Structures are given as structure tokens and as C-alpha cells.
């Protein structure tokens, strides 16, 4: 009779796939995402962990083999699973843990092992093997180990609500003032300012909205008779932020009241100062000013390159910095 035929290997493959999918769904209570055969380069699928009915999004990668041939190389503690060297880089680059499962033809033996490069041995010229222990029974201890390796899912509700509220506030704000506490200055704590700039930098809308419009202040120093750039601990804190590439020159307004003047005067040598008509006029050492200018442009370039900011915006900001140095120091 002239009909298509099913080979023994095809039959075994389908039986193995069916048994494995049933095991994941009914024994583990999880979800199996099978990789289509045309896209199978060493992994058969992924298990998505379900914890007490909650689909966690956590995945582990699976290589599943069915057939008695996978039980033909015995060791003192189990069996050798043999594979080509080309799969090693593939497994090591996988974004999640990789598990290998072997099932005998009649499913009387179903064993597993977590792939670990430290546990492999060479086999022939271009192959390797890893031991799958007899004690690693799929029906007894696999689920516990699976969840242990993947880790329990976290409830990010507080984080979700925090960023929803924060982004809503930023979206409504016309400008942004960053207040630096005395404690942050005294302890050289940059966590807050780094977090703030990181957040608005990664969001394209905020990065554009707050460009050249932010300000920085040190509210707990308002009663100090000294100028901020005369307070050593403030100067130290500001200079450290420059070394950390905090993007003052992208976000701060070039208005002298925005705090940019304090950034500048903390990073240069002030030769003299005098008050004229309630305004403080300063004389700056030209060499230190030149060094600061180089640092400012480097800081700006580093930021704009990192986030792929348009070159025209970089040029516009560079002109603002140069203009401030000429007109904004009084």
C-alpha cells in the first residue's frame, strides 16, 4: 500500500514530546513553551513557572531526549549524557538555567541534570559528557530543584506603583529642582542624584523635557554666611559628581540661579570676589577655567553619546555653556 510512513525515531520523538508536555502541565503545574523543530538548535523548549496558580514569567530552558539509547552509557552513579562541543557556548549564553532530561523508551526511567560547565568531561574529539545521577528522578525531586534554581517570584506592586506615581508627577511638572541634603554632602552620598538623573535619562520624553531646565539647591546651607563654593564639604561633593559624570551640563538650566554657577565655582580657582550692587562678582583663574570647560564639554559629550542624543542638541548645549561662562558669572 502506498502511504506515507512514520519512522521509529519519529514515533519516539512524538511520544517523548507528548509525555514531556503532559508532565510539565499535570505534574509540575507549569506551562511548556515548545520550540519549533525548525528553530531547535540545542534546546527543545522552556518551562514557565507557575507558583500557586500565579504565572511568574520565570523561565528555565530544557533539552529533552527520549529513547533507550540515552541510557546506554552507564556510570557508577547514573548515566553519561553525550553531546557535541558546539552546544557548550549555546548553553552558556542561554539567559536562563538549562536542564537536560532523558526518558527511557517506556518512560520507566526519567532523569534530569542541571547543565553546569564545571561538571562536564571531554568525550572523543569534539564532544563532551555530563553525568545524570540515578537519584535525579523527574517524578520525585525535579520540581523542588526547578523552583529553587529559578527563584521565587517577587511581588513588585510597590515598585510598580512608585514608578507610576513618579512618572505621573514628572509628566505634570514644568521643571525639576534637585535638593541635596547636608547628610548627603557630609557622607558623600550620590545615590539620590544618580537615581534621579538615571531615571530621567533613560526616559526619552523626560530627557527632552528637562534638558536645560533643571536646578540644584542645598537648602540646609541657607543660614551659612559663606557662599556654597566656600564650604569645603560642598565643594568636595560637587567635584565628586563631576568625576562620576553626573550630567549637570545637559540638564541644568544656564540661569545663574539654577545652581550651575555653584557647580562652576566649586570646580575652579576663585582668585577674588567683591559685591557690587548686591551682586557678587568673581575673578577666576583662567587655567582652572579652561580645565573646567574641557571637563564640562567632555561630560556633555559622554552623556549625549551614551544616549544617542542628536548632535545638534549637543552643539546647542555647548553654546549655552560657553555663553554662561561669558555672561553668567555676575
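The values are calculated or read from the model by the stated rules, or taken from the named source; none is laboratory data. Everything numeric here is computed off the predicted structure, so don't read it as measured data. Here Cβ is always computed from backbone atoms with ideal geometry, including for glycine, and neighbour counts include all displayed protein chains.
Report whether or not residue 287 is loosely packed, with under 11 Cβ neighbours inside 10 Å, assigned by TED's automatic domain parsing to the domain that holds residue 253 and free of Cβ contacts under 8 Å to residues at least 60 places away in the same chain.
Details: loosely packed, with under 11 Cβ neighbours inside 10 Å: yes; assigned by TED's automatic domain parsing to the domain that holds residue 253: yes; free of Cβ contacts under 8 Å to residues at least 60 places away in the same chain: yes.
For residue 287, the condition - loosely packed, with under 11 Cβ neighbours inside 10 Å, assigned by TED's automatic domain parsing to the domain that holds residue 253 and free of Cβ contacts under 8 Å to residues at least 60 places away in the same chain - is met.
Return yes or no: is residue 168 assigned by TED's automatic domain parsing to the domain that holds residue 220, surrounded by 10 or more Cβ atoms within 10 Å (Cβ to Cβ) and within 18 Å of residue 206 (Cβ to Cβ)? Show your work before the answer.
Values: assigned by TED's automatic domain parsing to the domain that holds residue 220: yes; surrounded by 10 or more Cβ atoms within 10 Å (Cβ to Cβ): yes; within 18 Å of residue 206 (Cβ to Cβ): yes.
Considered against the rule, which asks whether it is assigned by TED's automatic domain parsing to the domain that holds residue 220, surrounded by 10 or more Cβ atoms within 10 Å (Cβ to Cβ) and within 18 Å of residue 206 (Cβ to Cβ), residue 168 comes out as yes.
Please list, ordered by residue number, the strands (runs of 3 or more DSSP E) wholly in region 44-150 having 1 or more residues that are within 23 Å of residue 19 (Cα to Cα) and modelled with pLDDT of 95 or more.
Values: elements: 45-51, 54-66, 78-84, 98-103, 110-114, 120-123, 127-133.
Of the strands (runs of 3 or more DSSP E) lying wholly inside region 44-150, those with at least 1 residues that are within 23 Å of residue 19 (Cα to Cα) and modelled with pLDDT of 95 or more span 45-51, 54-66, 78-84, 98-103, 110-114, 127-133.
Kindly establish whether residue 262 is at pLDDT 85 or above, surrounded by 13 or more Cβ atoms within 10 Å (Cβ to Cβ), in contact with a helix residue (DSSP H, G or I) (Cβ under 8 Å, 6 or more places away or on another chain) and not in a helix (DSSP H, G or I).
Considered against the rule, which asks whether it is at pLDDT 85 or above, surrounded by 13 or more Cβ atoms within 10 Å (Cβ to Cβ), in contact with a helix residue (DSSP H, G or I) (Cβ under 8 Å, 6 or more places away or on another chain) and not in a helix (DSSP H, G or I), residue 262 comes out as no.
If I ask for residues that are part of a helix (DSSP H, G or I) and loosely packed, with under 12 Cβ neighbours inside 10 Å, which ones from region 171-185 would you list?
Kept after step one, since they are part of a helix (DSSP H, G or I), are these residues of region 171-185: 171-172, 182-185.
171, 172, 183 - these are the residues of region 171-185 that are part of a helix (DSSP H, G or I) and loosely packed, with under 12 Cβ neighbours inside 10 Å.
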